[in-house]
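Structure, as structure tokens:
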Amino acid sequence: MSRNISFIAVLLLLAGCGAKKTSTVATPGGTVTSTEDASGKTRTEFKSDKGEVTVDEKDGHATAEIKDDKGRITNIESGKNVDLSGMGVPIYPGATAAEEGKAAATVTGESTSATAVGLVSSDPPAKVVDWYAKQLKAQQTTTGSDGGMVMGKNAAGDQVIVVVSVDEGKTNIGVQVMKGP
């Protein structure tokens, strides 16, 4: 009998290891449900008569889907693991992902999308601005003592804005690409 109880206790412990933690809160505007699984992945869902928002997050990488009451969907992705291969703008040589906050985010709507990335380089800001000015067509460039900005289009005709600044001895590079009408 004690052997059966021990076996059942082990099964309950193992079942508990993979269990999800879920909490739901009703608010005047809708219902919020948050679930965390054993791997640390969290899902937060907000549902109301105006639409739904679902956010999945794990290890600093997050995706969100926003669906309005007409069924239109906007997707957002953020974190250091955002796929930047579709940006249509090369990443400055030797630049690395910004350590503060999230390094990249993409927002996708019905006919438009915007991707933004934060990078850091040890090169002087003027060198970074000049490099991006050569990458873009129909560009406008402004420079100052602490950085500058380049606006133009990539080869696909998407609008690109690059902002370069200096903070604590590092050159910060913000690249934003907007696709669509």
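Just so you know, all these numbers are worked out from the coordinates, no wet-lab data involved. In this text the structure is predicted, and so the values were computed from the model without any measurement. In this analysis, Cβ positions are derived from the backbone assuming ideal geometry, glycine residues included, and neighbour counts consider all displayed protein chains.
Note on K170: aspartates and glutamates with a C-alpha under 19 Å away, same-chain residues under 8 apart excluded, are E99, E100, D123, D130, D146. Pairs of Lys residues in region 39-88, spaced 8 or more positions apart or belonging to different chains, with C-alpha separations under 29 angstrom: 14 in total.
Dipole size of region 90-181 about its Cα centre, with +1 on Lys/Arg Cβ and -1 on Asp/Glu Cβ: approximately 360 debye, rounded to the nearest 20.
Using 0.36 nm per residue and subtracting the Cα-Cα separation, the extra length available between H61 and S39 on full extension is 6.5 nm. Here's the list of lysines a cross-link from K137 could span, going by alpha-carbon distance under 19 Å and ignoring same-chain residues fewer than 8 apart: K127, K153, K179. Region 65-181 has equivalent-ellipsoid semi-axes of 27, 17, 11 Å, by the square roots of 5 times the alpha carbon gyration tensor eigenvalues, sorted largest first.
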